[in-house]
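S.K.: Before we start, here is the structure in question, set down as structure tokens.
FYI, it's all coordinate maths here, none of it is from the lab. If you're wondering where the values come from, they're calculated on a predicted model, not measured in any experiment. Every residue, glycine as well, gets a Cβ built from its backbone with ideal geometry; the counts of neighbours run over all protein chains shown.
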Amino acid sequence: METLKVRIWRGDAAGGAFSAYEVPARENQTVLDVVSEIQREQEPALAYRFACRVGMCGSCAMEVNGRARWTCRTHVKRVAKPGEALTLRPLPHLPVIRDLATDMAPFFDKWARAKGSFQPKDAPDGAVPEDFAVVPPGSKPRREADAGIECIGCGVCYASCDVVGWNPDYLGPAALNRAWTLVNDVRDGARRARLDAVSGDAGCHSCHSTQSCTERCPKGLDPSSAIAGLKRSLFWDALLGRRG
């Protein structure tokens, strides 16, 4: 049986190095299959993360041959030609806990900084609304909000963003995409605070529009367009003197 060579980064926040492994090359083998086989059969101490295995949770994301991907939905044949090795690293731009497992806290902290939680317009101070707000499905704000709502917070766009690498304070594509969905949600009452949160040096204006986030989003979302939408909203609000 043919074998597949695999290089996996092993270490922690203090540093590490690559370790080499070999597994049988199988038909329809995913990268997550490979990592799981190595952990079960060769290296029980290997740390990595996964849950659903069907592209619903995003927790299995890591860098595969230089590109951030979901490993459960990535077949080996798509990323390595026959005879080529797999090189696996933890997601860039995030602290390493151990081996392929990263600390996602900075990623989600930036969601909070971007005011990524829904604030009901008709129920201030955390109160529960009396009834569901009716939003016409065909309205432009509804379509704008729906365009980015499917983000599951896997961190692939964040790990692929050059600006995050240059500026660790940058909010990143996922947090800004979330802010854009809420800016377009007519039920939300925190529009002004949210736009203020994404307007600083670490916000949407720092985006260089290289579109790596859009290119690599496993859900097919377009954070680049969301960030451009935030820039437009801030421009028109400043031009028209809107504060609400």
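S.K.: Using the beta-carbon distance between ALA17 and TRP166 and R0 = 22 Å, what value does 1/(1 + (r/R0)^6) give for FRET efficiency, to the nearest 0.05? Let's see the in-between values first.
M.R.: On the way: r = 26 Å, r/R0 = 1.17.
It comes out at approximately 0.30.
S.K.: Give me LEU176, LEU94, LEU86 sorted ascending by neighbouring Cβ count inside 10 Å, so fewest comes first.
M.R.: Working: LEU176 30, LEU94 18, LEU86 21.
The order, fewest Cβ neighbours first, is LEU94, LEU86, LEU176.
S.K.: Would you mind ranking PHE50, PHE132, PHE235 so that the residue whose beta carbon has the fewest other beta carbons within 10 Å leads the list? Working shown, then result.
M.R.: Values: PHE50 18, PHE132 7, PHE235 10.
Placing the least packed residue first, the sequence is PHE132, PHE235, PHE50.
S.K.: Average the reciprocal distances over every distinct pair of alpha-carbons in the chain, invert the result, and give the Kirkwood radius in Å.
M.R.: Working: mean 1/r = 0.0511 Å⁻¹.
Kirkwood hydrodynamic radius for the chain: 19.6 Å.
S.K.: For every other residue with a beta carbon closer than 11 angstrom to the beta carbon of ALA45, add +1 if it is Lys or Arg and -1 if Asp or Glu, then tell me the sum. Display every interim value, and only then the final one.
M.R.: Details: positive: ARG10, ARG98; negative: GLU43, ASP99.
Summing Lys and Arg as +1 and Asp and Glu as -1 gives 0.
S.K.: With a 10 Å cut-off between alpha carbons and a GNM built on the chain, which of THR30, THR210, THR102 moves the most?
M.R.: Largest GNM mean-square fluctuation: THR210.
S.K.: What is the angle, in °, between the Cα long axis of helix 173-183 and the longest principal axis of the Cα atoms in the chain? Nearest 10 is fine, range 0 to 90.
M.R.: 30 degrees
S.K.: Need one number: the % of Cα-Cα pairs in the stretch 3-102 sitting beyond the 19 Å mark.
M.R.: Tail fraction, whole percent: 35.
S.K.: So what's the stretch 58-119 giving for Rg/Rh, alpha carbon basis, Kirkwood Rh from the mean inverse pair distance? Intermediate results must be reported in sequence, preceding the final value.
M.R.: On the way: Rg = 14.7 Å, Rh = 13.3 Å.
With Rh from the inverse mean 1/r over Cα pairs, Rg/Rh is 1.11.
S.K.: Run the count for the chain, please: Lys pairs, Cα-Cα under 20 angstrom, 8 or more apart or on different chains. Spell out each step's value before the answer.
M.R.: Numbers: LYS5/LYS77; LYS5/LYS81; LYS110/LYS231; LYS115/LYS231; LYS121/LYS140; LYS140/LYS231.
Counting lysine pairs in the chain gives 6.
S.K.: Through the Karplus equation 6.51 cos²θ - 1.76 cosθ + 1.60, θ set to phi - 60°, convert the phi angles of the stretch 97-112 into ³J(HN,Hα) values in whole Hz; use x for Gly and Pro.
M.R.: With coefficients 6.51, -1.76 and 1.60, one gets 7, 6, 6, 9, 9, 10, 8, 7, 4, x, 4, 6, 4, 6, 4, 5 Hz.
S.K.: Could you put LEU46, LEU88 in order, starting from the residue whose Cβ has the fewest other Cβ atoms within 10 Å?
M.R.: Working: LEU46 19, LEU88 23.
Fewest-to-most Cβ neighbours within 10 Å comes out as LEU46, LEU88.
S.K.: Right, something else. Provide Rg over Rh for the stretch 105-240; use the alpha carbon set for both Rg and the Kirkwood Rh (inverse mean inverse pair distance).
M.R.: On the way: Rg = 14.6 Å, Rh = 15.2 Å.
On the Cα set of the stretch 105-240, Rg over Rh gives 0.96.
S.K.: Starting from the 7 Å offset along Cα-to-Cβ, what nm value, one decimal, do you get for the label separation of ILE97 and ASP122?
M.R.: The answer from the label model is 4.1 nm.
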